[in-house]
């Protein structure tokens, strides 16, 4: 009975203090309400986004750039195919070679004229494998046989080099320079645009020129004559072709080689 009386006394003594604290807390909650759990979580999610499992797909800048790059490639391929069809090149010009040539042409900002030259070394030297296009007029201006370097192969060019003294052809994209009169007659300077692939063209004296060994009549021996690495033309076509492509047009030498495709600085 004494214990019960003591507990009753203590509860009466501390009740006012406890009640006042509860009222104060309620008043503070009314003036400055505590964010609900859902609101707080939303704010935290915005300020500190959850890092999901690495196995979940996420939109990263690399992923977005990859998607944009793929979309650009699709657009380029579509435009190239449309032009290929408009110019009615099927059966004469390899579609993949044209696609690569056109893609590089679009990406080379230093060009000064809408002329594109494609040399397709997947074809034998006995066939016409040089093509000059006017992309503005959508016309094929010239087709011709063209010689490759003596150490690049026999009837087919299969080996390529950027080394001085290799006597091999070099793949890739070039810009045409100015003309000059040299020991091979009317000639055209070339500037290789791809480091490690053809950027030593000037040092190697790789130019477009005419040569007797590049005349179609030589093909009767089973192949065209070969150069020291230059794309040599039949003498009758040298001047008209050089005049069409000189002074800042794009020239592309193609061979469908995976190593080039992997290391090209333009494609």
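Going by the conditions given, is residue 153 under 15 Å from residue 207 (Cα atoms) and either touching a strand residue (DSSP E or B) at 6+ places or on another chain (Cβ under 9 Å) or at pLDDT 95 or above (or both)? No; evaluated as a whole, the condition is false for this residue. For the range 212-230, the tally of residues that are within 30 Å of residue 136 (Cβ to Cβ) and touching a helix residue (DSSP H, G or I) at 6+ places or on another chain (Cβ under 9 Å) stands at 1. Scanning the range 209-222 for residues that are assigned to a loop (DSSP other than H, G, I, E, B) and buried (at least 17 other Cβ atoms within 10 Å of the Cβ) returns 211, 215. Evaluated against (1) in contact with a strand residue (DSSP E or B) (Cβ under 8 Å, 6 or more places away or on another chain); (2) over 23 Å from residue 222 (Cβ atoms); (3) surrounded by 15 or more Cβ atoms within 10 Å (Cβ to Cβ), residue 76 falls short on exactly one condition, (1).
Quick one: would you say residue 237 is assigned to a loop (DSSP other than H, G, I, E, B), in the same structural domain as residue 125 (by TED's automatic domain parsing) and buried (at least 17 other Cβ atoms within 10 Å of the Cβ)?
no
Checked against the criterion of being over 25 Å from the mean Cα position of the chain (by Cα) and without any contact (Cβ under 8 Å) to a residue 12 or more places away in the chain, the range 219-227 has at least one qualifying residue. Just to be sure before I move on: is residue 243 surrounded by fewer than 17 Cβ atoms within 10 Å (Cβ to Cβ) and in contact with a helix residue (DSSP H, G or I) (Cβ under 8 Å, 6 or more places away or on another chain) in the structure I sent? Taking the combined requirement at face value, the residue does not satisfy it.
The values are calculated or read from the model by the stated rules, or taken from the named source; none is laboratory data. Every value quoted in this text rests on a predicted model; they were computed, and no experiment measured them. As a convention, Cβ positions derive from the backbone with ideal geometry for all residues, glycine included, and neighbour counts pool all protein chains shown.
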